[in-house]
Every structure is written in structure tokens, then in C-alpha cells.
Amino acid sequence: MDLTWLSISGVLIGILVFAFKVSLGCGLASLNRREVLSIASGYLIIALLMGTAIEMIPESALAATLTAGVAVHFAVALMLLVLGVMTARDWNCRHHDISRKTFWALSMPCPACLAASFISCSFLAGMVGIDPWKIGALVGLLFFICIAIFSTALRKIKGTPSSLGNAMILLGLFYILSILLIPAYFNSQKLSFLSETPPLVEIGLSYLAILSLMSLGFLGRRWGVFS
């Protein structure tokens, strides 16, 4: 029973984080209520289709998607950085609002995240003995409600397009850091009993990552990304 509740809480937390990411794009881009509900309805439909197709999609296809997760996250991170810089710079330098053309980078469904949610729902359906399509419907309904609530709350903040651009940049940097740090952490756990001295290559990559982030901050300030 403890494992069941742990799995349920993990799925719920993942949905909340995913819904908040989607809502950042919708809320900070000041989409109207109809547009937000359309995006939320899209996630409801996707989740329902996922639940219906859980038993039809082979595990090899899901495994391949998760294996490509690092490459997908890196591509998404680069896209967030580029579009975030464009959004913030256009507003700070020219007061030109392009947030409605770039918000989709935050609001679009990530294939790797969808695959992870897909597998979690499949595992959960097997544990609790509920039909997969019902799990998909519940997940989709939760997505719909969370996106609608979070987007409404963020829209009341009335941030500028620069706020959206900065959020995209920070999330892109977070994606890059997670790609660098999480594998390094697991490798260090595996090799900790072999050697107390970290390899020079890993040290070099760590310093390179830090210098790259510092350079991005300096260039962003110089280009007018951060006002």
C-alpha cells in the first residue's frame, strides 16, 4: 500500500510540475481564457489517448523515447534559450512584444516527459487495478484544471514579455544543468568506491559548464536581454 501511494504521489507531483511549465507560457504571454482552455483541452485529449493506447504501444517504443530523452531535453533547452533571448531582447530594446509567437516553447508537450508520464500511468494502472483509459481521463482532467488555475494566477501578475523570456532562459539553463549534473551524480555514485580523485576530464567539463553559464549571463546583459 505504501508503494501505491508513493507511486500516486509521484505521478501527481509530475503532473503539477508539467502543468506549471505549460502555464508559465500561457500566463506570462497573456493569452485569453479561450486560448488557455484550448491548450488545456489539448492536454486532456492527449492524456485520454495515452490512457487508451497504453496497452497498444510496445514497450520498446517507449524505451527508445526515454533513451533519446537527453537529446530531446538538450534540443528543448537550446530552443528555450534562443527564443527566451529573442523575447526578452525585443521587449527590453524595442518594446516589441513577440511573446505570443514564442510562448509555445514552454507550453508544448515534451516527448520525453510525455513518455515518462505514459510509463508512470501504465505502472499505476497495473498497481491499482483500474482501466488504463480511466487513468488517462483522470490525468487529463487534472492537467486541464491545473493549467486553467495556474495560467489564471500567472496572468494576474501582469508580467512583461521580458518576464516570459527570462523564465524561458532560466528553464533552458535548468535543463542544461540537469543534463550535466544528474549523469555525473550517478557516475560518481558508481565510481566512488574505486577512486577518491575525480578524473581530469570531468573536472574540465564542470569548469567548462560553469564558464559557459557565466558567459551566457554576460552576453545576455550586454545584448539587453536582462534590463
TODO: Identify the residue in the range 116-161 that is closer than 25 Å to F74 by Cβ and of a type in the set (S, T, Y) and, among all such residues, is surrounded by the most Cβ atoms within 10 Å (Cβ to Cβ).
DONE: S117
TODO: Take the range 122-169 and flag every residue that is outside any helix (DSSP H, G or I) and not charged (D, E, K, R).
DONE: G129, I130, G159, T160
TODO: Give the residue that is modelled with the highest pLDDT, with candidates limited to residues of the range 50-62 that are out of contact with any Gly (no Cβ under 7 Å at 6 or more places or on another chain) and within 14 Å of L114 (Cβ to Cβ).
DONE: A53
Task: Residues satisfying the stated conditions in the range 17-53, i.e. more than 24 Å from G165 (Cβ to Cβ) and in contact (Cβ under 8 Å) with a residue 60 or more places away in the chain - done: L37, S41, L44, I45, I46, A47, L48, L49, M50, G51, T52
Task: Subset of the range 75-116 that is among the polar types (S, T, N, Q) and over 12 Å from the mean Cα position of the chain (by Cα) - its residue that is farthest from G14 (Cα to Cα) - done: N92
Open item on the list: Only one of L106, L138 is out of contact with any Pro (no Cβ under 8 Å at 6 or more places or on another chain), under 14 Å from T52 (Cα atoms) and not charged (D, E, K, R). Can you tell me which?
Closed with: L138
Task: Candidate set: the range 12-43, residues that are more than 22 Å from K158 (Cα to Cα) and surrounded by 20 or more Cβ atoms within 10 Å (Cβ to Cβ); chosen: the one modelled with the highest pLDDT - done: Y43
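The values are calculated or read from the model by the stated rules, or taken from the named source; none is laboratory data. All values derive from a computational prediction rather than experimental measurement. We place every Cβ from the backbone using ideal geometry, glycine too, and count neighbours over all the protein chains shown.
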